[in-house]
Structure formats: C-alpha cells, structure tokens
Amino acid sequence: DQQVKQNSPSLSVQEGRISILNCDYTNSMFDYFLWYKKYPAEGPTFLISISSIKDKNEDGRFTVFLNKSAKHLSLHIVPSQPGDSAVYFCGGGGTSYGKLTFGQGTILTVHP
Amino acid sequence: GAVVSQHPSWVICKSGTSVKIECRSLDFQATTMFWYRQFPKQSLMLMATSNEGSKATYEQGVEKDKFLINHASLTLSTLTVTSAHPEDSSFYICSATVYAYTEAFFGQGTRLTVV
C-alpha cells in the first residue's frame, strides 16, 4: 500500500521557467507534508513543509500547495535554476514527529 | 538547521560479516531517530524508529535480529547490519527530530556494498 505517490519519475525544465512537481497521498491522517531535495550519494535536505490546515506555504522561490479534498500537493519552483537539479521527495507525517512516508521521488533536471 | 552526521559515508564488507553505522546529532539532543533504506531508483523506506533508552520499533518486514539498533544516548544511534548479504547492499540514511519541529534532519547517508 503506497500511501504517498509521485507519479512522474522525471521532469525536465528550462532555466528560468516554472517547475511543478506533484504528489498524491491516500492517508487522511497525515498532519503535515514536506518536500526534500536529494543529490546523489547524499542525505535528503529539507526544503519546505505545509501543515494540513493550510493550503499554501511559500518560501522564496518555493511554494507548496495542498488540496486536501483531492489529497494532492504540489511544489512550484519559480524561477528554476540549474542548481535545483536533484531528486525531490514528498513526504507525509502524522502525530509521530519525524516519522515520514515518502513518495518515490521525481528527478528534476533544469537545463541552462 | 540542526546537523546530523552519519558515519561512515561508504563501506564495503564481505558477505557474512557485520557492519555498524553511526548516526549523531551534533548540535541538539534527539530523543527520536529514524533509520531509512533506499534501494536504487526507489523511495526512502522507513526501517525503524529509535528512541533513546528503549527498544527500537521496526516496520513490517524488517528483521530486527538482522538490523540491530541501539540508541544509548540522546546524540547517538547505531545501526548494525549483522551477517550481511549482497542483497543488503543499499543506501542507509538516518534522521533525527527536535521536539516541536515537524521536519526531520537527515544524515548524509551510508552506502553499504556487500561483496
């Protein structure tokens, strides 16, 4: 039972344009959602989070949108930069802080 | 943000031997640490939750006798892969949480190769 799904294994975007990464979940008990960025052979680094009581959270170039009725969240990166090229994981968490269920990841490639 | 250090970054071991991976929270005390495993082109899968001073809680399908977890202090958790086999080759990552923060801080990961 895959509770968090990222259906797009990869995404290619031109520098300066918008990157939109999508994530679907099935567990309605998740209290919060997070996006992590991961480079090869490194651990994930936290990017942005959103509580289940909100529908949008913004931090610089990164904005996360949450649609609870659709059980869908998305990460928008504007403008995209080559340094954003990495694997992006979305994760959901409940009342047990730090215990996260991740999607499969989406490889983002930003071309100069 | 809080720093989590994992050691070693990579290790190669012979089949049948045991390998210990350390996860340290450098600038905070972590009552809870988590161990994940990532196979190539797959997601991070939670293996176990490690609480300081108590036994770890393992996820379904993870052999507790094979993956020994010790969380003896508030800054250190260790994962020992016992009697390693080639199929245990993977990327192991730990994370730690700070009370009242929902985000988890990850170590840099350990690439284990069993030959």
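Every read-out reported here was derived from the displayed coordinates using simple, explicitly stated rules and does not represent laboratory data. Predicted model only: the values in this text are computed from it and were never measured. A quick note on method: Cβ atoms are made from the backbone with ideal geometry, for glycine too, and the neighbour counts reach across all protein chains shown.
Here are a few things to note about the model shown:
- Options B:Thr97, B:Thr75, B:Thr49, B:Thr80; residue that is surrounded by 22 or more Cβ atoms within 10 Å (Cβ to Cβ), among the hydroxyl-bearing types (Ser, Thr, Tyr) and either more than 14 Å from every other protein chain (Cβ to nearest Cβ) or touching a Phe, Trp or Tyr at 6+ places or on another chain (Cβ under 6 Å) (or both): B:Thr97
- The strands (runs of 3 or more DSSP E) falling completely within the range B:53-115 that include 3 or more residues that are of a type in the set (A, V, I, L, M, F, W, C) and over 24 Å from A:Thr45 (Cα atoms) map to B:67-73.
- For A:Glu42: the one exception among (1) crowded, with 16+ Cβ neighbours inside 10 Å; (2) of a type in the set (Asp, Glu); (3) over 15 Å from A:Leu21 (Cβ atoms); (4) in contact with a strand residue (DSSP E or B) (Cβ under 7 Å, 6 or more places away or on another chain): (4)
- Subset of the range A:9-31 (residues that are within 23 Å of A:Gly60 (Cβ to Cβ) and assigned to a loop (DSSP other than H, G, I, E, B)): A:Glu15, A:Gly16, A:Arg17, A:Ile18
- Elements of type strands (runs of 3 or more DSSP E) contained in the range A:32-105, each with 2 or more residues being more than 10 Å from chain B (Cβ to nearest Cβ) and either of a type outside the set (Lys, Arg) or more than 14 Å from the chain's Cα centre (by Cα) (or both): A:56-59, A:62-67, A:72-77, A:86-93
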